[in-house]
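Notes for the one structure printed next.
Here, each number is a calculation from the coordinates, and none is a lab measurement. All values derive from a computational prediction rather than experimental measurement. Here the Cβ positions follow ideal geometry from the backbone for every residue, glycine too, while neighbour counts run over all protein chains shown.
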Amino acid sequence: MTHPTIKFLKQPSSQAWVEQAIAHFDTILLDHSHCERKAAGVALNLMFRYPAREKLVRMLTAIAREELEHFEQVNQRLEERGIALGPLAAPPYGAGLSAQIRKQEPERLLDSLLVSGLIEARSHERLGLLGEHCPDAELAKFYRSLMAKASAPLWGILDFGNYLFRSHSCD
Ligand SMILES: [Fe+2]
């Protein structure tokens, strides 16, 4: 299935974000490692929360596997550059979005998918920016390859959200 360009981010990332990212590439790589691990964790958590939803579990299994693969690839680049894995303060937007998730089902699942979709969309956009602006040619190529793959989980999430929305009256 072909999908149109992702257009639902309200604002594009700023030029200042790109400049900061290029100036602090070690932090960006470390943050990226955390993001891949968290993405795999979110997929696993949803699998535990909804074990009987077969279509969802199949989609989440593929996402968790793919995100762990990305986690491994980013960690390899950290190791090559002598950057130690370590804690990093989480940016506030993930927690802010999660706080908006409604408590009752099926809205809780729908909102969880929407939040994951938004986070994936921003990540997709930023992988593209890093692929374009990163001064390290090998890393730039790596980001472009991740960007090409990153749209698959996003569309899977949105397709499932759409299916859920149509099969329940959650507005
Ligand atoms: Fe990923």
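Residues that are within 19 Å of Leu78 (Cβ to Cβ) and in a helix (DSSP H, G or I) were ranked within the range 131-143; the one that is farthest from the ligand (Cβ to nearest atom) is Ala137.
Within the range 83-105, residues that are without any contact (Cβ under 8 Å) to a residue 60 or more places away in the chain and β-branched (Val, Ile, Thr) sit with their Cβ atoms under 7 Å from residues that are surrounded by 11 or more Cβ atoms within 10 Å (Cβ to Cβ) and assigned to a helix (DSSP H, G or I), at 6+ positions apart or across chains, in these pairs: Ile83/Asp26; Ile83/Leu29; Ile83/Leu30; Ile101/Arg108; Ile101/Asp111; Ile101/Ser112; Ile101/Val115. Gly128 passes every criterion in (1) part of a helix (DSSP H, G or I); (2) touching a residue at least 12 places away in the same chain (Cβ under 8 Å); (3) over 17 Å from Pro12 (Cβ atoms) apart from (3). If you go through the range 109-128 and keep only what is within 21 Å of His24 (Cβ to Cβ) and either charged (D, E, K, R) or surrounded by fewer than 19 Cβ atoms within 10 Å (Cβ to Cβ) (or both), you end up with Arg122, Glu125, Arg126, Gly128.
Among the residues of the range 64-98, those identified as among the polar types (S, T, N, Q) and in contact with a Leu (Cβ under 9 Å, 6 or more places away or on another chain) are Gln73, Asn75. For first residues located in the range 133-150 and farther than 13 Å from Phe25 by Cα, partners that are of a type outside the set (Gly, Ala, Ser) and lie 6+ apart or on another chain with Cβ distances below 6 Å form the pairs Leu146/Leu127; Met147/Leu127; Ala150/His124; Ala150/Leu127.
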